[in-house]
Number of protein chains: 2
Amino acid sequence: MQVLDIAQRAKAAALRVGTLPTEVKNRALLAVADALVHDREKLLEANREDVIRTSELVERGDMARPLLDRLKLSDDKILAMAEGVRSVAELPDPVGRVLSALELDDGLEMTQVTTPLGVIGAIFESRPDAVPQIASLCWKSGNAVIMKGGSEAQASNRYLGQLIRAAIATVDERCMDAVQLVETREDVSALLALDEYIDLFVPRGSNAFVRYIQEHTRAPVLGHADGLCHAYVDANVDLAQAVAVCYDAKVQYPAVCNAIETVLVHRDTAEAFLPLLASAYRQAGVDMRGCEAARAIVPEINAAVAADWETEYLDLIVSIKVVDSLEEAIAHVNRYGSSHTETILTQDTEAATQFLNQVDAATVMHNASTRFADGFRFGKGAEVGISTNKTHARGPVGLDGLVIYKYCLVGQGHLVADYVGPQAKPFTHRPLPERG
Amino acid sequence: MQVLDIAQRAKAAALRVGTLPTEVKNRALLAVADALVHDREKLLEANREDVIRTSELVERGDMARPLLDRLKLSDDKILAMAEGVRSVAELPDPVGRVLSALELDDGLEMTQVTTPLGVIGAIFESRPDAVPQIASLCWKSGNAVIMKGGSEAQASNRYLGQLIRAAIATVDERCMDAVQLVETREDVSALLALDEYIDLFVPRGSNAFVRYIQEHTRAPVLGHADGLCHAYVDANVDLAQAVAVCYDAKVQYPAVCNAIETVLVHRDTAEAFLPLLASAYRQAGVDMRGCEAARAIVPEINAAVAADWETEYLDLIVSIKVVDSLEEAIAHVNRYGSSHTETILTQDTEAATQFLNQVDAATVMHNASTRFADGFRFGKGAEVGISTNKTHARGPVGLDGLVIYKYCLVGQGHLVADYVGPQAKPFTHRPLPERG
C-alpha cells in the first residue's frame, strides 16, 4: 500500500476513533491484552524469525549483541506487554475533559474540551514491546497512529500489528486503520513529508535518529535529541547526600537520557567534596575528566578538553568543573545543558530557589537525582517520551501530551452585530461551574 | 546589528525577563503607557514621515488606500494604544501558575509551574498599533520578542521600539533587549533560520504571508493561514434565527478569518430556508454561488464551480450547498474547512452534539455566529492570534499561548536506586493541596 493511502486512511480513522466512548476504547485494549496472552505462541514464532536473522548479523559482527537481547521475546515479556496494555485501559480517558467553562453572555456558553490530536507518526528502533505500548497510548487518547519499528523486529512487529488491528475489529471494524504499520526507510521518508496528514511525530531512539526526524519534517516532533544533564553541588551542602545523588545520577543507569554528564561544584565545597566523589566514582569505574582546579584537588582526575562540556557520554564517564558561584553554575547549565533535567544539591533554600527559577530546563530539581525525570515516576502511568520542546508538552509526557482541545460555543442564535458599535451589549465572562 | 547578535541578546534577555516579579513587569508596562501619552507628538511626527511616503505610493497606484488609513496615527489612536498596554498590565500574570502538584514519596514533591517560552519572533504587516500590543503581551508573559513590522510603518515602528525599550530601562536596564526590532526582509529570512534561538513565531497578516512563514522555518509557528468557515443549517431549524446567524457570520465583517464562506443546508430545510437567506443576502449585496439543488430553489443564485468550496473569499461572496444529511455536512466541513470555526444551526440537540463532536476544528458552535471566535470575546482580555495548529494552543489564543511549564522536583537527597529492583520502595503519587 502507498504511504499516502495509509496516511489518508489514518486521517479518516482518526475522525472515528476520536469520538469513541471510553468504554469502547477500553474494551478494545482488553481484547488486545487477551489476544497477546492467547496467541503468544504465534508471536514467539514470528519473533524467532527475527532472532535467527539478527543472530547471524551479530555473529558476523554487523550488529551489537545487546540489541539481540532487546529483540528476543519470551512468555514473560509477552505477559508484561499484555499487562502494560491493561494498565493503559485503566488510565483516565484524556479526551473530553473540560479545561474551562465560561458564560460569554446570557445563554451563550463556551467550554474548552480536550480532543485527540489526530494522526500520530511513531518511529522507533528495535524492541517489539514498543508496538503494543505506543498503539495503546495513541488509541486510548483517540488518535490514529502510523508506526515504523526497527527492521530487525519486522516479523514480530508485523504480527503484533495484525493482532492489534484484529482486536480493534472486534469492537469497531471501521476503526481498524487507527493502527497501521509501515516497514521501510523509504516509507519513513514519505511519511515525514506528509505533514498535511500527520499531526505529531513521536520518535524514540538515539540522538542522531531523533535529530534526523526533527530535521526532515514540517510537522511538530515531540521528544528530545540530547540529554545533557548536570548536577550542581553548591557551597552549603550535605556532603554525603551530594555524593550519593551524584553517584545515583551517573552510575545507576548511565546509558539513559536523564543520567548526568557533568558535575559542577562550588569552589568553597570542592576541596571537601571532590575527594569523596572521586572515591565513589572510582569504585564504580567511572572515567573522570575535570578542569584544572578539580585536578589540583584530585590528581587522578583526567584533564577535560572543551568538548567534554558538550558531550552526552551515555556511559561511565563524567566531566567535573569547579565554579566560582551559583551564577556561574546556572550560566554553565543554560549554555551547555540540553534543557532536559538539571539538579542542585544544597542546604541553602534561597540558592535552590534561584537555581529552580533561573535554569531553563524541562525538569529542575533540588536535592534529588536527575534519574527521577520519567513519566512513570512522575505519576503519569505510562510515558509517551520526554520532551525538551518549548511548546505543547515539556518534560516527561503521558497521555496528556497526545491531546489538544477545542472550544465549543453554544448559543441561542447569538449575533456578533449585537456586541459591537456604540450600542454594544457587554459580555458577562462569568466562569461556569464544572459539570460532569 | 547582525540578526544573529539580536537573537543572542534576545535569548540572554529572555532568561532575565522570565524571572521578573509581576509587579516589576507591570511597572514597565505602565511606563510604556505613560510614555505613549507623554511623547505622542514625537510619535505623530515619526508617523507623518511614514504617511507622506506611503501617500505617494497610493497616489501612484502602488498601494491600496485602506492601508494608508490603518497606517495613519492620531491622538485618539495613540491614547487607545496606551489603554491597550494598561489593560495588559491588569491581566493576571500567566507565569508561575501551579498546574499540578504531586507527592512522589515522603519528602519528594513535584510541582508543574508555568514558565515563559523564551524568545518570540513576531512578524506582522502595516499597523503600528501592533508594536506596543505584541511587545506588551510578550513582556507580560516573561518572553523576549523580536518584531518585524510593515515597512510602510518603519519610522513609527522604530520610534515605538525606542520608546518601549526606554520605558523598560526605567525598571531594569538589563532587560532592554527583551524588545527588539528588525526592519528588512533579509532580516526576516535570517530570523526564520535561527530556530535555535527563536522558540515560537507569531505571524499576523495575509494567508500567503503566514504560509510563507510556516514554510520557511523549523521553529513552531502559532497562527492560521486560512479561515475557511462554514455554517450548516440542519433539518430541524428556527428559520429566522438561522438566517440571522448566516447573515451575521457573512456580512457583519466579511474580510476576517472567522467569517463564513459556505452555507450548507439540509435538503429538508432548503426550500423554506434558501429564499429567506437569499433575500437577506441580496439586500447586503452578497454574491451567491450555489449547487444545482440550491439554484433550482432560488434561480438568482449563480452556479458554483468546484473551486468555490475551497475558496476563502474574505469578501461579500458566499457559496451555498444543499446536503442530504448531517453526516454529509460534517464530511464536507472536515474535507474543505480549515479547522478554524464551524457552526451548526439546529433545534435538534442530538444533531448539534454530533456536529460539535465530529467536526475537527479549533472552535465549533451551535446556534451562534462564527464571528464570536475571538480572544477578547472568549474572555482572554487580549489576543495573540487565532491558531489552527493541532499542538500547543488552538483557537483564540491569549497570554496562555505564550507560556509552557517546567517540572520542579524537591527532595531530601532522594535516589532512584531505592525505587528499582526487587526491594523497590513504592511511590505514593499523592496529589498535594494547592499552595499560594
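Annotations for the structure displayed:
- Residue within the range A:357-370 that is open to solvent by 10 Å² or more (accessible area, probe 1.4 Å), under 20 Å from B:Val416 (Cα atoms), out of contact with any Asp or Glu (no Cβ under 9 Å at 6 or more places or on another chain) and not basic (Lys, Arg) present: yes
- Tally of residues being assigned to a helix (DSSP H, G or I) and either closer than 19 Å to B:Val364 by Cα or open to solvent by 20 Å² or more (accessible area, probe 1.4 Å) (or both) across the range B:222-273: 17
- Qualifying residue in the range A:98-106 (condition: within 14 Å of chain B (Cβ to nearest Cβ), open to solvent by 10 Å² or more (accessible area, probe 1.4 Å) and within 25 Å of the chain's Cα centre (by Cα)): yes
- Residue list for the range B:197-220, restricted to those being open to solvent by 20 Å² or more (accessible area, probe 1.4 Å) and free of Cβ contacts under 8 Å to residues at least 24 places away in the same chain: B:Ala208, B:Arg211, B:Tyr212, B:Gln214, B:Glu215, B:Arg218
- Taking the numbered list (1) out of contact with any His (no Cβ under 6 Å at 6 or more places or on another chain); (2) surrounded by 20 or more Cβ atoms within 10 Å (Cβ to Cβ) in turn, B:Ile386 passes all entries but (1).
- Qualifying residue in the range B:292-308 (condition: open to solvent by less than 30 Å² (accessible area, probe 1.4 Å), outside any loop (DSSP other than H, G, I, E, B) and among the small types (Gly, Ala, Ser)): yes
- Single unsatisfied condition, B:Thr353 versus (1) buried (at least 19 other Cβ atoms within 10 Å of the Cβ); (2) farther than 30 Å from A:Ala361 by Cα; (3) more than 15 Å from the chain's Cα centre (by Cα): (1)
- Conditions (1) touching a Pro at 6+ places or on another chain (Cβ under 9 Å); (2) free of Cβ contacts under 8 Å to residues at least 24 places away in the same chain: number failed by A:Gln162: (1)
- Residue tally, condition open to solvent by 30 Å² or more (accessible area, probe 1.4 Å) and of a type in the set (A, V, I, L, M), over the range A:152-168: 1
- Taken across the range B:191-213, residues that are acidic (Asp, Glu) and either part of a helix (DSSP H, G or I) or touching a helix residue (DSSP H, G or I) at 6+ places or on another chain (Cβ under 7 Å) (or both) do not occur at all.
- Selection status of B:Tyr253, within 21 Å of A:Val420 (Cβ to Cβ), within 14 Å of chain A (Cβ to nearest Cβ), in contact (Cβ under 8 Å) with a residue 40 or more places away in the chain and aromatic (Phe, Trp, Tyr): yes
- In the set (1) facing chain A (nearest Cβ under 8 Å); (2) crowded, with 24+ Cβ neighbours inside 10 Å; (3) more than 23 Å from the chain's Cα centre (by Cα), the condition left unmet by B:Ser319 is number (1).
- Tally, over the range A:324-349, of residues that are within 12 Å of chain B (Cβ to nearest Cβ) and under 21 Å from A:Ala240 (Cα atoms): 7
- Taking the listed residues A:Glu90, A:Glu109, the one that is open to solvent by 10 Å² or more (accessible area, probe 1.4 Å) and more than 13 Å from every other protein chain (Cβ to nearest Cβ) is A:Glu90, with no other qualifying.
- Scanning the range B:277-291 for residues that are within 21 Å of B:Leu326 (Cα to Cα) and either in a helix (DSSP H, G or I) or open to solvent by less than 10 Å² (accessible area, probe 1.4 Å) (or both) turns up B:Leu277, B:Gly290.
- Some residue of the range B:176-190 being modelled with pLDDT of 95 or more and within 20 Å of B:Gly398 (Cα to Cα): yes
- Counted residues, the range A:397-425 - those being of a type in the set (A, V, I, L, M), open to solvent by 10 Å² or more (accessible area, probe 1.4 Å) and out of contact with any strand residue (DSSP E or B) (no Cβ under 7 Å at 6 or more places or on another chain): 5
- Residue under evaluation B:Val85, criteria (1) touching a strand residue (DSSP E or B) at 6+ places or on another chain (Cβ under 8 Å); (2) buried (at least 16 other Cβ atoms within 10 Å of the Cβ); (3) more than 9 Å from chain A (Cβ to nearest Cβ); (4) under 19 Å from B:Pro21 (Cβ atoms), criterion not met: (1)
- Flag if B:His340 is open to solvent by less than 30 Å² (accessible area, probe 1.4 Å) and farther than 30 Å from B:Gln133 by Cα: no
The values are calculated or read from the model by the stated rules, or taken from the named source; none is laboratory data. Source: prediction; values computed, not measured. With ideal geometry, Cβ positions are generated from the backbone for all residues, glycine too; neighbour counts draw on all protein chains shown. For accessibility, only protein heavy atoms count, side chains too; no ligands or nucleic acids. Shrake-Rupley method; radii C 1.70, N 1.55, O 1.52, S 1.80 Å.
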